[in-house]
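J.: Have a look at this one.
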Amino acid sequence: MPKKARELSAYQVRRIKRPGLHAVGGVDGLCLNVKASGARSWIQRVMVGGRRREMGLGAYPTVTLEQARERGREIRDQVWAGVDPLAARRAAQNALRAAQAKRLTFDEAAKLCHQARVHEFRNEKHKKDWIRSLDAYASPTIG
């Protein structure tokens with residue numbers, strides 16, 4: 001049976017300076033990761049499908065001890081429900097990226113800009129050359 005970590009107070013957590021992974025208690029697997037540079041962050045360690053996963057919960061002063069414990073409990077609940085929290089987080093990030101990518105492409109923005117400025121060109125040749133040069137040089141790279 002694994003050893004249960006003693007529940008530390010916010011004051012005790014603030015005083016941890018030695019580099020390494022320090023269990024803070026309150027939630028199984030919740031640790032404060034202290035780097036040699038002095039940077040500190042929260043790590044939640046869980047077993048998902050027989051594999052140990054480590055999930056970052058944020059930087060120490062930004063995410064308080066209570067917030068880290070609450071997030072750790074949420075992750076434990078997800079694991080208990082049979083969900084891989086890292087896979088769920090990645091899926092949410094990918095969905096957000098896909099939604100942002102669907103908004104407006106360079107080609108669409110160039111066409112809208114061309115339509116808005118078409119009255120400023122002196123003649124038909126300039127109107128066509130402007131959009132053709134974007135299609136020929138910028139679109140293949142930026143798209």
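The values are calculated or read from the model by the stated rules, or taken from the named source; none is laboratory data. Quantities reported herein were computed from a predicted structural model and do not represent experimental measurements. Don't worry about glycine lacking a Cβ; one is built from the backbone with ideal geometry, like all the others, and counts go over all protein chains shown. Protein only, heavy atoms only, side chains kept; ligands, DNA and RNA dropped before computing areas. Shrake-Rupley method; radii C 1.70, N 1.55, O 1.52, S 1.80 Å.
J.: For the chain, what is the mean residue ellipticity at 222 nm derived from helices alone (per DSSP H run of n ≥ 4: -39500 (n - 2.57); sum divided by total residues; nearest 500 deg cm²/dmol)?
T.: The per-residue figure over the chain is -14000 deg cm²/dmol.
J.: For q values of 0.09, 0.16, 0.17 Å⁻¹, compute log₁₀ I(q)/I(0) with the Debye formula on a Cα-only model of the chain, without solvent.
T.: Listed by q, the Debye log ratios stand at -0.52, -0.87, -0.94.
J.: How charged is the neighbourhood of Ala36? Take every other residue with its Cβ under 13 Å from the Cβ of Ala36, and add Lys/Arg as +1 and Asp/Glu as -1.
T.: That sum, taken over residues with Cβ under 13 Å, equals +4.
J.: If you stretched the chain out fully between Tyr11 and Thr62, how much longer would it get, using 0.36 nm times the residue separation minus the C-alpha to C-alpha distance?
T.: 16.8 nm
J.: Using a 1.4 angstrom probe and counting only protein chains, how large is the accessible area of Leu21 in Å², to 10?
T.: We get 80 Å² for Leu21.
J.: In the stretch 21-143, what is the count of Lys pairs whose alpha carbons are under 27 Å apart, counting only pairs at least 8 residues apart or on separate chains?
T.: So the count of such lysine pairs works out to 5.
J.: Residues of the stretch 69-111 with amide nitrogen under 20 Å from the 7 Å Cα-to-Cβ point of Thr141?
T.: 105-111
J.: Residue by residue, what Karplus-based ³J(HN,Hα) values in Hz, rounded to whole numbers, does the stretch 4-16 have, using 6.51, -1.76 and 1.60 with θ = phi - 60° and x for Gly and Pro?
T.: 7, 6, 6, 6, 8, 8, 4, 5, 5, 5, 4, 7, 6
J.: Can you list the residues, at least 5 places off or on another chain, whose amide H is less than 5 Å from the amide H of Tyr60, using H built in the peptide plane?
T.: Arg40, Ser41, Trp42
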